[in-house]
């Protein structure tokens, strides 16, 4: 097993996805780590092979990665001093992507910052990139249903909703929304809310967004939906979850079929006394 | 069909579940409603039979209900003046429940406030109570896995998570948490975060909660989970959704079975070129 330390480094990201602060539930406090690791190594029935850390997600700067790794290396050095050699260092994930105008480091930038620190160590380096691999590989395609002039707002009502992509509601996250018709992008822009058909005001994909005019029936791409999109989706409002398709060389392969209404009640049973 | 009006009444609840404000996506603005209803009634191919309004959820005061209804009745009166008689008035839902120390009106209080306004109208009154019926009829049972002394916080780690009950994360909602062992309630209290096993800091069921000491293995009841609980649950972190059970006369009837790992990948297909 590997033990995870909590390096108390602020990843400067959304509080819900900051995981390596003192107040986080994750890991062993850095200043207690040496003692805990020594205890773990002394136990005959477990084999401690590595150190793990993960300070947060959607980081847009390498500095917190480097600071956290340095704390890990201080620990590794101290362990070595006590005759304990770890075989693995897991530096976690967290590399950010461009949702809007962020300019996160490239994987190469992270590698360049980290490699000099670990090159001479006799350890296997493990990392857990996720979002940076799949985040911008996926889009959520949705159809505009209606346009609505509210009293103080203009709405584009689409057929995707918070149950399909909860990041805007849950984290106040920004997802770019692009028209799938080429002509669309040339039209005049308006300030709109892009909202779904779910029964609450938390059901939005974009708020106060300057967007080129959309006509009912047209398709829109909600960008950067490859990470924390489908995996966080629910059946709220009795909405079957969307299908997933993989596009390769212009061909569409459905890799997960659309849920049916039967799926929604699968496993349900009415007790005898109610029949 | 019924047309929904937006009465622009502040329900004094969470912004995500306030639905009858000017900035909401729902309904027809009250001051445009007469004109829109007259247009709708003039169309030969639709039959407008009623007026609908819903100003929000988890209301703890009858005043907004009464104010909104009065706006609806002003419209109904104006329509009657133009020879148009609606047959149905749907006043929506929204009656709150006690999660913590709220003292929401009872259904009878709401009826007493509304009945005098509608008693003499020749209409059918429709309402949409939901949370007030099922919210406190359901609990989420979870097991304490570990206790953890963080650097600046004390954590009770349980086996339920944000994917099972997202209200705390999504709305900052309060759910009372009670021990299921009678002895538990007598133990000394500590300030704790009750958190799940999901990989983000947004995964909590309670924050900074004074709770009687819990021992690993013990069961806890997360109260008021009957509304917006299971229906908003997801498979985030590859977690199968929990079973649902109905208790009647002390007997447990499983009314929805626990999801399996097979359920998680149901409908998935690997395209030929990847096989």
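Read-outs throughout are calculated quantities, based only on the coordinates presented, and are distinct from any laboratory measurement. All values derive from a computational prediction rather than experimental measurement. So basically every Cβ, Gly included, is an ideal-geometry build from the backbone, and we count neighbours across all protein chains shown.
With respect to (1) under 16 Å from the mean Cα position of the chain (by Cα); (2) surrounded by 15 or more Cβ atoms within 10 Å (Cβ to Cβ), the lone exception for residue B:102 is condition (2).
Going through (1) under 17 Å from residue B:138 (Cβ atoms); (2) in contact with a strand residue (DSSP E or B) (Cβ under 7 Å, 6 or more places away or on another chain); (3) within 14 Å of chain A (Cβ to nearest Cβ) one by one, residue B:273 falls short only on (1). Taken over region B:235-251, the criterion of being in contact with a strand residue (DSSP E or B) (Cβ under 8 Å, 6 or more places away or on another chain) and within 7 Å of chain A (Cβ to nearest Cβ) is satisfied by B:246 alone. Taken together, the criteria exclude residue A:172 from residues that are surrounded by 20 or more Cβ atoms within 10 Å (Cβ to Cβ) and within 17 Å of the chain's Cα centre (by Cα). Check A:213, A:149, A:200 and return the single one that is crowded, with 22+ Cβ neighbours inside 10 Å and more than 18 Å from the chain's Cα centre (by Cα). Sole residue among the options that is crowded, with 22+ Cβ neighbours inside 10 Å and more than 18 Å from the chain's Cα centre (by Cα): A:200.
Yes or no: residue A:232 under 24 Å from residue A:14 (Cβ atoms) and more than 8 Å from chain B (Cβ to nearest Cβ)?
On the way: under 24 Å from residue A:14 (Cβ atoms): yes; more than 8 Å from chain B (Cβ to nearest Cβ): no.
So residue A:232 does not fit the description; no.
Within region A:28-56, the set of residues being surrounded by 22 or more Cβ atoms within 10 Å (Cβ to Cβ) and either away from chain B (no Cβ under 12 Å) or in a loop (DSSP other than H, G, I, E, B) (or both) comprises A:37, A:51, A:53, A:54, A:55.
Of the residues making up region A:57-95, those that are away from chain B (no Cβ under 14 Å), surrounded by 15 or more Cβ atoms within 10 Å (Cβ to Cβ), in a loop (DSSP other than H, G, I, E, B) and in contact with a helix residue (DSSP H, G or I) (Cβ under 8 Å, 6 or more places away or on another chain) are A:62, A:84, A:86, A:91.
Please work out which residue is surrounded by the fewest Cβ atoms within 10 Å (Cβ to Cβ), limiting yourself to region A:1-27 and to residues that are part of a strand (DSSP E or B) and facing another protein chain (nearest Cβ under 9 Å).
Per the stated criteria, the residue is A:18.
One residue is enough: does region A:252-267 have a residue meeting the conditions within 8 Å of chain B (Cβ to nearest Cβ) and more than 27 Å from the chain's Cα centre (by Cα)? Checked region A:252-267: at least one residue is within 8 Å of chain B (Cβ to nearest Cβ) and more than 27 Å from the chain's Cα centre (by Cα).
Quick grid of which residues meet (1) in contact (Cβ under 8 Å) with a residue 12 or more places away in the chain; (2) touching a helix residue (DSSP H, G or I) at 6+ places or on another chain (Cβ under 7 Å); (3) at negative phi:
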site: B:11; (1), (2), (3): yes, yes, yes
site: B:34; (1), (2), (3): yes, yes, yes
site: B:39; (1), (2), (3): no, no, yes
site: B:48; (1), (2), (3): yes, yes, yes
site: B:54; (1), (2), (3): yes, no, yes
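Of all residues in region B:219-259, those satisfying the criterion of being within 29 Å of residue B:206 (Cβ to Cβ), assigned to a loop (DSSP other than H, G, I, E, B) and free of Cβ contacts under 8 Å to residues at least 40 places away in the same chain are B:240, B:243, B:250, B:257, B:258, B:259.
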